[in-house]
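Down below is the structure, laid out as C-alpha cells.
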Amino acid sequence: MSKPGTEENPLRVAIVGAGPTGFYSAEQLFKDRRYHVLVDMYERLPTPFGLVRYGVAPDHQKIKSVTKLFDRVAQRPEFRFFGYVEIGTDVTVDDLRRHYHQIIFTTGAQTDRNLNIPGEDLEGSYAATDFVAWYNGHPDFRDCEFDLSVETASVIGVGNVAVDVVRILSRTPEELARTDIADYALEALRHSKIREVYMLGRRGPAQAAFTTPEIKELGELEDAVVWAPPEEATLDPLSEESLAESADRATARKVEVIQSYSQEIPETTKTRRIILRFLVSPVEFIGDEHGHLQQIRLVHNELYKTDAGTLRPRATDREEIIPSGIAFRSIGYTGVPIYGVPFKSSWGVILNRDGRVIDPDTQEPLTGLYTAGWIKRGASGVIGTNKPDAAETIEAMLDDLEAGRTLEPDDPSPEGAEALVAARKPTYFSYADWLRLDEIEVKRGEEQGRPRVKFTDVHEMLAALEKEAA
C-alpha cells in the first residue's frame with residue numbers, strides 16, 4: 001500500500017484532548033495540502049473547547065469567540081469528534097495504535113501546584129483551578145463547596161488566572177448575571193459575604209505575570225476599589241535597572257497601572273476592596289479550633305540577581321499575619337499522566353523533545369506519539385501561544401511521515417475506529433451532538449439575557465439528547 005497521506009490511504013491522526021491546542025493541531029494538519037489527513041479528536045467530557053469553556057472567565061466572552069475558528073475546523077468532512085470518551089479508561093493508547101498512524105496528546109495542565117507549607121490542608125484552602133472549574137460549570141467540579149460566608153479572601157499568585165479569581169469574587173451579582181457563569185455558582189456568589197480580597201505575589205510589580213488589560217480591569221468593577229501599599233508598588237533598584245535596560249514598554253505600562261492603585265483611596269460608596277500585595281510569600285496557614293483557615297502568615301521578600309541575570313525572591317526576617325477565611329492558590333499548573341504515555345512528574349509534562357514523545361529508557365522518540373500545548377511545555381502563555389506550539393509538533397509529525405516513521409495500524413479505516421468507540425462507549429458525543437447541546441444552551445441564555453446557560457451535569461446532557469446512560 002502507498003505511504004499514508006494519499007486519497008487511497010489517508011493519514012489517520014488521533015488527537016487526544018479537545019481544547020485550543022487540539023483544534024490548532026487539527027487546523028495545522030488540514031492546512032498542509034501535500035497530504036490527505038483524517039482527524040479523530042477524543043475528549044473525556046461530552047463538550048469540546050476545554051480551557052475556553054471551563055477555564056476562561058465567564059465575564060470574558062470576547063476571548064471565547066476563538067471557538068468560531070475551532071467550529072470551522074470541526075465542520076470539515078475530514079474531522080470527527082468522539083466526546084465523552086476517556087483515553088486510558090474507555091479506549092487505551094494501544095487501541096489507538098491499532099487504528100491510527102499518528103497520535104498527538106493535547107490534554108493541557110489540569111491541576112494546581114501545592115505551596116507545601118503548614119496548614120495548607122485546612123478547610124478553606126483550595127486550588128484556584130477547582131474554583132475556576134466550579135464557577136465555569138465543569139461537570140467534575142459542580143458539587144464542590146466553597147465557604148463564601150467569610151469576610152476576607154486571599155488569592156496566592158499574580159497570573160491572569162489569579163486576577164480572574166479576584167475579579168469573580170469581587171463582582172456584584174448583577175454583573176455576574178450578565179455572563180455564562182454556572183447557575184449554582186451565581187446563586188452562591190449572590191450570598192457571598194466576602195468584602196476584602198488580597199492578591200499575593202512573591203516578587204515585585206515588574207515581575208507580575210498578569211497582563212495590563214487584566215489588572216486594569218480590576219479598577220473598573222462596579223462595587224470594588226483597588227489598593228496597593230505604596231512601598232510595595234514602588235520598584236526596587238534591581239527592578240528599575242532591569243526595566244530600564246530592557247525598555248519593555250508593556251511591563252512599564254503594567255507597573256504604571258499598579259502604581260496608580262497605590263494612591264490614597266478617595267471617598268467612595270463601593271463596599272468591596274481588593275488589596276494588591278507584592279514581595280510577600282505565605283509561609284503558614286493558621287486555623288481556628290475547628291480546623292478552618294483564619295489567617296495567613298506572610299514573610300516579606302527581597303529580590304536578588306542570579307548568576308544568570310534573572311531576579312529571584314528570597315525571604316527576609318520580616319513577617320506579618322493577615323486575616324483570611326478562604327484562600328485560593330494559583331502558583332502554577334501541572335499536567336496529569338495518561339496511562340501508557342511517558343510522563344515527567346517533576347515538570348508535570350509528557351516526556352518529549354520538540355513534541356515527539358520520548359522513551360524514558362532510550363531517550364529516543366516513540367514512533368507515532370506526539371504532544372503539544374501545556375502538557376508538552378508546561379503552563380505558560382495565553383490561549384494563542386498554543387498555536388505556534390502546535391505548529392512545531394505538526395511539523396515534526398509531517399517530517400516523520402515523509403521519512404516513513406509512522407505507526408502501522410492493523411485497521412486504519414475510519415469505520416474501524418468508530419466501531420471500537422461505539423462498542424466501548426455507546427453514549428459517546430459526536431460534534432453534531434455538541435451542536436444540539438450548544439443550541440439548547442444558547443436558547444436558554446437568550447431567555448435570561450445571557451450568552452448561554454450551561455449544562456453542568458453529564459446526565460442532563462445525555463437526557464437532553466435522549467441518550468441512555470451507560
Once fully extended, how much extra length lies between residue 244 and residue 447, figured as 0.36 nm per residue of separation less the alpha-carbon to alpha-carbon distance? 67.8 nm
Figure the gain on full extension for residue 147 and residue 271 (residue separation times 0.36 nm, minus the Cα-Cα span) and round it to one decimal in nm. 42.7 nm
What is the angle, in °, between the Cα long axis of helix 431-448 and the longest principal axis of the Cα atoms in the chain? Nearest 10 is fine, range 0 to 90. 30
Only residues of segment 324-365 count here: report those whose backbone N is under 16 Å from the spot 7 Å along Cα→Cβ of residue 290, or say none. 324-327
Principal axis dimensions, segment 114-331 - Cα atoms, whole angstrom, descending: 49, 37, 36
What ranking, highest mean first, results for peptides 13-19, 183-189, 164-170 when packing means the other Cβ atoms within 10 Å averaged over each residue? 13-19, 164-170, 183-189
Cα gyration tensor of the chain, axes a ≥ b ≥ c as square roots of the eigenvalues: rounded (a/c below 1.5), prolate (a/b > b/c) or oblate? prolate
For segment 33-112, size of Cβ-based charge dipole, Lys and Arg +1, Asp and Glu -1, in debye: 520
Tell me which chymotrypsin sites (Phe, Trp or Tyr not before Pro) from segment 318-381 have a DSSP coil assignment and no more than 14 other beta carbons within 10 Å of their own. 339, 347
Picking from 456, 303, 427, whose Cα lies most toward the positive end of the charge dipole for the chain (charges on Cβ: Lys, Arg +1; Asp, Glu -1)? 303
Among 257, 162, 287 the positive-end extreme of the charge dipole of segment 114-331 (Cβ point charges): 257
Translational D (Stokes-Einstein, µm²/s) of segment 290-367 at 37 °C and 0.692 mPa s when Rh comes from the Kirkwood sum over C-alpha pairs? 193
Within segment 114-331, how many Lys pairs sit with Cα atoms under 25 Å apart, leaving out pairs fewer than 8 places apart on the same chain? 6
Calculated P(r) of segment 39-169 - Cα pairs past 24 Å, %: 42
FRET efficiency, 1/(1 + (r/R0)^6) with R0 41 Å, evaluated for residue 436 and residue 2 via beta carbons: 0.60
Quote the charge dipole size of the chain about the Cα centre in Debye, to the nearest 20; the model charges only the Cβ of Lys and Arg (+1) and of Asp and Glu (-1). 860
Using the Cα centre of segment 114-331 as origin and beta-carbon charges of +1 (Lys, Arg) and -1 (Asp, Glu), tell me which of 242, 323, 126 is placed farthest towards the positive end of the dipole. 242
Could you list which residues have their amide H under 5 Å from that of residue 284, counting only those 5 or more apart in sequence or on another chain, with H placed in the peptide plane? 297
So which lysines pass the test for residue 467, namely a Cα distance under 22 Å, with those fewer than 8 places away in the same chain ruled out? 425, 443, 454
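Quick check for me: using +1 on Lys/Arg Cβ and -1 on Asp/Glu Cβ, what's the dipole size of segment 114-331 about its Cα centre, in debye to the nearest 20?
Charge dipole of segment 114-331: 440 debye, to the nearest 20.
Every number in this text was worked out from the coordinates using simple rules, so none of it is lab data. Worth saying up front: this structure is predicted, and the values here are computed from it rather than measured. In this analysis, Cβ positions are derived from the backbone assuming ideal geometry, glycine residues included, and neighbour counts consider all displayed protein chains.
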